[in-house]
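The values are calculated or read from the model by the stated rules, or taken from the named source; none is laboratory data. Remember, it's a predicted structure, so these values are computed and weren't measured experimentally. A quick note on method: Cβ atoms are made from the backbone with ideal geometry, for glycine too, and the neighbour counts reach across all protein chains shown. Ligands, DNA and RNA are excluded from the accessible area calculation, which covers all protein heavy atoms including side chains. Shrake-Rupley method; radii C 1.70, N 1.55, O 1.52, S 1.80 Å.
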Amino acid sequence: MKRRSFLKRSSLVAAGTMFTPMFLQQTLGKNFKEYTGKRVVIIQFSGGNDGLNTIVPFLDDNYYNARPSLALKKAEVINLENDLGINGEMKGFADLFHKGYVSIINNVGYPNPNRSHFRSMDIWHTASDSDEYISTGWLGRYLDSYCTFAREGIEMDNTLSLSMKGNKVKGIAVDNPQTFYNSLNVSQFESLAKSTDDDILNEDNQGYLYKTLAEANQSAKYVYEHSKIYKSKSTFPKSQLGKNLKSVAEMIQSGMDSKVYYASLGGFDTHAYQKGKQNSLLKDYSASVSAFVEELERTDHFKDTVIMTFSEFGRRVKQNASGGTDHGAANNVFLIGKNLKQPGFVNENPNLESLNRGDLIHSVDFRSVYADLLDNWLSVSSSEILSKKHKTLPLV
């Protein structure tokens with residue numbers, strides 16, 4: 001090969017052509033087919049994030065009166081619009097907002113809010129009413145109805161949340177692709193997975209066990225093989241969320257056919273000494289999401305990806321005696337994507353003069369956000385998955 005041709009081809013490889021479908025096909029075999037559809041990435045703030053110190057009404061005197069020592073000073077806030085700003089530790093997120101990549105929905109919740117972490121999170125995970133108990137998650141029901149393989153829903157954790165559990169198809173929990181693969185790449189497991197026949201699979205209990213084992217083995221191999229294909233070029237935080245979103249970005253860019261990815265960031269139950277704790281968590285989230293978007297833009301996968309961030313409830317408007325806040329109700333939800341229909345603030349500001357038991361009153365049902373993602377992004381029937389028709393917000 002002539003030197004000029006070699007340099008030309010080398011520069012193309014460096015620019016990313018090495019990760020085209022042809023390269024992937026050569027790497028994974030002739031049956032490989034790169035997924036080119038749409039996907040959602042869910043990020044859960046566990047513990048109940050304080051929305052008022054995240055999206056800050058920094059021109060509202062009621063905010064400062066209710067939080068004499070906890071309120072963020074105007075110098076600690078990045079101005080956005082509508083007399084609202086964002087926590088100053090979230091610089092990367094603010095940049096995404098000003099690019100038109102972020103929709104912020106205020107006052108999101110549900111009727112008769114529950115202030116228990118576990119119950120409220122179950123309500124968000126299952127998309128149920130506050131007095132209704134459901135054993136499957138909203139994403140699990142999506143997997144049941146519209147997906148075939150467990151790997152089409154991946155949760156970056158060592159346990160699977162209720163949100164990702166369906167009746168027939170459950171997502172898979174992947175703490176680390178290689179660890180996940182090694183745990184199921186044991187000779188006894190592999191031989192059992194390969195030796196299943198129709199007679200065994202037709203037996204109720206034993207058949208279910210063998211079928212689950214075989215599917216887990218296949219999913220582990222699929223995820224591990226794909227995880228080796230693409231290595232991120234962006235700088236992610238060294239935090240757990242940073243590592244998880246880095247792994248998700250690499251899976252997406254490897255051509256995996258997963259439609260749903262799920263990650264969590266815990267630590268938001270800030271009853272005492274909230275300011276420093278929450279600021280640190282939001283800084284981690286902002287930097288991790290910013291790197292994630294940068295990485296997906298690099299290979300043009302961002303246009304097919306929407307990120308939703310939520311928490312099980314917000315916090316009380318008034319600070320407590322320990323420099324923190326107690327369990328509340330309505331909160332903000334974030335959507336991040338390239339071609340959002342309503343970038344910026346979608347609805348009205350929080351009303352700090354009209355409260356219910358010291359809490360913000362919800363004006364947007366969280367299931368309306370789910371319905372919009374299902375109907376208008378994933379192009380499936382939200383009424384089938386959510387068991388009833390919810391008004392959708394024109395967001396995606």
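Counting residues in segment 297-306 that are open to solvent by less than 10 Å² (accessible area, probe 1.4 Å), within 17 Å of GLU89 (Cβ to Cβ), of a type outside the set (Lys, Arg) and in contact (Cβ under 8 Å) with a residue 40 or more places away in the chain gives zero.
For segment 261-271, filtered to residues that are open to solvent by 30 Å² or more (accessible area, probe 1.4 Å) and either in a loop (DSSP other than H, G, I, E, B) or out of contact with any strand residue (DSSP E or B) (no Cβ under 8 Å at 6 or more places or on another chain) (or both), the residue that is farthest from LEU160 (Cα to Cα) is HIS271.
Can you spot a residue in segment 111-132 that is charged (D, E, K, R), within 17 Å of ILE42 (Cβ to Cβ) and at pLDDT below 95? No: segment 111-132 contains no residue that is charged (D, E, K, R), within 17 Å of ILE42 (Cβ to Cβ) and at pLDDT below 95.
Filtered by the rule that a residue be under 20 Å from HIS125 (Cβ atoms) and either of a type in the set (D, E, K, R) or within 18 Å of the chain's Cα centre (by Cα) (or both), segment 370-395 gives TYR370, ALA371, ASP372, LEU373, LEU374, ASP375, TRP377, LEU378, GLU384, LYS388.
Check whether at least one residue in segment 121-140 is under 28 Å from TYR230 (Cα atoms) and surrounded by 21 or more Cβ atoms within 10 Å (Cβ to Cβ), and report yes or no.
Within segment 121-140, one or more residues are under 28 Å from TYR230 (Cα atoms) and surrounded by 21 or more Cβ atoms within 10 Å (Cβ to Cβ).
Note on segment 139-185: among residues that are part of a strand (DSSP E or B) and modelled with pLDDT of 95 or more, the one that is farthest from LYS246 (Cα to Cα) is LYS165. Identify the residue in segment 95-122 that is free of Cβ contacts under 8 Å to residues at least 60 places away in the same chain and in a helix (DSSP H, G or I) and, among all such residues, is nearest to THR235 (Cα to Cα). Per the criteria, the residue is HIS98.
Can you tell me how many residues within segment 56-86 are surrounded by fewer than 19 Cβ atoms within 10 Å (Cβ to Cβ), in a loop (DSSP other than H, G, I, E, B) and small (Gly, Ala, Ser)? Residues in segment 56-86 being surrounded by fewer than 19 Cβ atoms within 10 Å (Cβ to Cβ), in a loop (DSSP other than H, G, I, E, B) and small (Gly, Ala, Ser): 1 in total.
Within segment 336-345, being open to solvent by 30 Å² or more (accessible area, probe 1.4 Å) and modelled with pLDDT of 95 or more holds for LYS338, LYS341, GLN342, PRO343.
Looking only at residues in segment 34-55 that are touching a helix residue (DSSP H, G or I) at 6+ places or on another chain (Cβ under 8 Å) and farther than 25 Å from GLU312 by Cα, the one that is least open to solvent (accessible area, probe 1.4 Å) is GLY37.
Taken over segment 283-329, the criterion of being within 15 Å of GLY266 (Cα to Cα), part of a helix (DSSP H, G or I) and in contact with a Ser or Thr (Cβ under 8 Å, 6 or more places away or on another chain) is satisfied by ASP284, TYR285, SER288. Here ASP375 passes the criteria (1) closer than 19 Å to LEU52 by Cα; (2) among the charged types (D, E, K, R); (3) without any contact (Cβ under 8 Å) to a residue 40 or more places away in the chain except the one numbered (1).
When segment 228-260 is filtered for residues that are open to solvent by 20 Å² or more (accessible area, probe 1.4 Å) and part of a helix (DSSP H, G or I), the ones remaining, listed by number, are GLN240, LYS243, LYS246, SER247. Selection within segment 357-396: residues that are charged (D, E, K, R) and within 25 Å of ARG315 (Cα to Cα). The member of this set that is most open to solvent (accessible area, probe 1.4 Å) is ARG357.
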